[in-house]
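Heads up, the thing below is written out as structure tokens.
The values are calculated or read from the model by the stated rules, or taken from the named source; none is laboratory data. Every value quoted in this text rests on a predicted model; they were computed, and no experiment measured them. Ideal geometry is used to build each Cβ from the backbone, glycine not excepted, and the neighbour counts take in all protein chains shown. In case anyone asks, the SASA skips ligands and DNA or RNA and just uses the protein heavy atoms, side chains included. Shrake-Rupley method; radii C 1.70, N 1.55, O 1.52, S 1.80 Å.
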Amino acid sequence: MVKEEILLVYDKQCPVCDNYCQRVHIRETVGELRLIDARASSPVMDDITSRGWDIDQGMVLKLGDELYYGSDAIHALALIGSRSGIFNRLNCWLFKSRMRSHFCYPILRFFRNFLLKLLGRTKINNLGLENNDRF
């Protein structure tokens, strides 16, 4: 039986995002998680851009034919997440609630953007917006 491939699209140049995505695990019965660097060209990034989603403002989880963005992505990831290890149990507890996900995600994104500004990283700017290259 072939496991379903689940894609998690994020900015690999963000140390916090990269650490989170490397550590989060999903249940084996759900499928296999594949990490996608949003800075690299890919069909899923084309799909994200065509939907008008700004990847600099939220990660994306592709589960089957469905795409989840930002707080919905982190919520869906918590629902399919493994409960093994302290990190994954904490992730599940914090984000399995849609309300907590919607409350926490903008705060986490603010600190992520602040960190990337301090590190001098450029935005991905997948939507090609003018004067939108810096955090």
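Which residue pairs have Cβ atoms closer than 7 Å, lie 6 or more positions apart in sequence or on different chains, and pair a first residue in the stretch 112-124 that is farther than 13 Å from Lys12 by Cα and at pLDDT 95 or above with a second residue that is part of a helix (DSSP H, G or I) and not small (Gly, Ala, Ser)?
Leu115/Val16
When you look at Lys3, is it modelled with pLDDT of 95 or more and of a type in the set (Lys, Arg), yes or no?
no
What are the residue pairs meeting all of these: first residue in the stretch 7-25, first residue free of Cβ contacts under 8 Å to residues at least 40 places away in the same chain, second residue among the hydrophobic types (A, V, I, L, M, F, W, C) and open to solvent by 10 Å² or more (accessible area, probe 1.4 Å), Cβ atoms under 6 Å, and 6 or more apart or on different chains?
What qualifies is Cys21/Leu35.
Give the residues of the stretch 1-19 that are within 17 Å of Val44 (Cα to Cα), open to solvent by 90 Å² or more (accessible area, probe 1.4 Å) and assigned to a loop (DSSP other than H, G, I, E, B), sorted by residue number.
Within the stretch 1-19, just Lys12 meets the criteria.
Looking at the structure I just gave you, is Leu33 over 18 Å from Leu129 (Cβ atoms), in contact with a helix residue (DSSP H, G or I) (Cβ under 8 Å, 6 or more places away or on another chain) and either hydroxyl-bearing (Ser, Thr, Tyr) or open to solvent by less than 60 Å² (accessible area, probe 1.4 Å) (or both)?
So Leu33 fails the test.
Of the residues that make up the stretch 92-113, is at least one open to solvent by less than 60 Å² (accessible area, probe 1.4 Å) and touching a strand residue (DSSP E or B) at 6+ places or on another chain (Cβ under 6 Å)?
Yes, that holds for at least one residue.
Consider only pairs whose beta carbons are under 9 Å apart and that are at least six residues apart or on different chains; among these, list those whose first residue lies in the stretch 27-56 and is closer than 12 Å to Lys12 by Cβ and whose second residue is small (Gly, Ala, Ser) and modelled with pLDDT of 95 or more.
Going by the 9 Å Cβ cut-off, the qualifying pairs are Ile36/Ser42; Ile55/Ala38.
Checking the conditions here, which among His102, His75 is over 19 Å from Val9 (Cβ atoms), in contact with a helix residue (DSSP H, G or I) (Cβ under 6 Å, 6 or more places away or on another chain) and modelled with pLDDT of 95 or more?
Of His102, His75, the one residue that is over 19 Å from Val9 (Cβ atoms), in contact with a helix residue (DSSP H, G or I) (Cβ under 6 Å, 6 or more places away or on another chain) and modelled with pLDDT of 95 or more is His102.
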